[in-house]
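Novice: Below: one structure in structure tokens.
Each value in this text was obtained by applying a stated rule to the coordinates, not by laboratory testing. These numbers were taken from a predicted model, which means no experiment stands behind them. Please note: Cβ atoms are built from the backbone with ideal geometry, for glycine as well, and neighbour counts cover all protein chains shown.
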Amino acid sequence: MYDKIPGLLYSTGALFTIVSWVFILFSRNIHPKNKKILILRLSIIWMLFFASSVLMLVSNLFFDVCAGFLDPDVLDFYNQRFIRLAPAATCVMNFCVSTYCSMNLVKEYTRIK
């Protein structure tokens, strides 16, 4: 049972990442004429980023805590370098996308004002 939880946490974090990117794509059509709309959009972008990052990084922490309960085959799979670096790489990529979209949103708001 413990061998499924890190993958499930990472998948949930990846789902939050996809939801945040879809939100960013659909919210591009809405112009931030109002400061409340701008703050709401920025807060949603960053809340989704932090939720996805926490879920992805907790998958590594959970794996480290439960490593003693895992089968040797599962332990070998999760100890691969790519599997261990995937959550951090995904968080960095999501951070870059969130930062870029936030900067564009603020730039668009200042241009309209």
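Novice: Which shape class applies to segment 74-113: rounded if a/c is under 1.5, otherwise prolate when a/b exceeds b/c and oblate if not, where a ≥ b ≥ c are the square roots of the Cα gyration tensor eigenvalues?
Specialist: prolate
Novice: Would you work out the charge dipole size for the chain about its Cα centre, treating the Cβ of every Lys and Arg as +1 and the Cβ of every Asp and Glu as -1, and quote it to the nearest 20 debye?
Specialist: That gives the chain a dipole magnitude of about 1140 debye.
Novice: What is the extension gain from Lys36 to Val92, computed as 0.36 nm multiplied by their sequence separation minus the C-alpha to C-alpha distance, in nm to one decimal?
Specialist: 17.4 nm
Novice: For the chain, what is the mean residue ellipticity at 222 nm derived from helices alone (per DSSP H run of n ≥ 4: -39500 (n - 2.57); sum divided by total residues; nearest 500 deg cm²/dmol)?
Specialist: Result for the chain: -29000 deg cm²/dmol, rounded to the nearest 500.
Novice: Working out 0.36 nm times the residue gap between Lys107 and Val54, then minus their Cα-Cα distance, what length gain in nm do you get to one decimal?
Specialist: Working it through step by step, the gained length comes to 16.3 nm.
Novice: Would you work out which of Tyr109, Ser52, Pro6 lies farthest towards the positive end of the dipole of the chain, given +1 charges on the beta-carbon of Lys and Arg and -1 on that of Asp and Glu, about the Cα centre?
Specialist: Farthest towards the positive end: Tyr109.
Novice: In percent, how large is the relative contact order of segment 5-112, given Cα pairs closer than 8 Å and 6 or more residues apart?
Specialist: 41 percent.
Novice: How far, in degrees from 0 to 90, does helix 81-112 lean away from the longest principal axis of the Cα atoms of the chain, to the nearest 10?
Specialist: 10
Novice: Work out the count of Lys pairs in the chain where the Cα-Cα distance is under 22 Å, with the pair 8 or more places apart or on different chains.
Specialist: Qualifying lysine pairs in the chain: 6.
Novice: What FRET efficiency, computed as 1/(1 + (r/R0)^6) with R0 = 30 Å and r the Cβ-Cβ distance, is obtained for Asp76 and Met47, rounded to the nearest 0.05?
Specialist: Plugging the Cβ-Cβ distance into 1/(1 + (r/R0)^6) gives 0.25.
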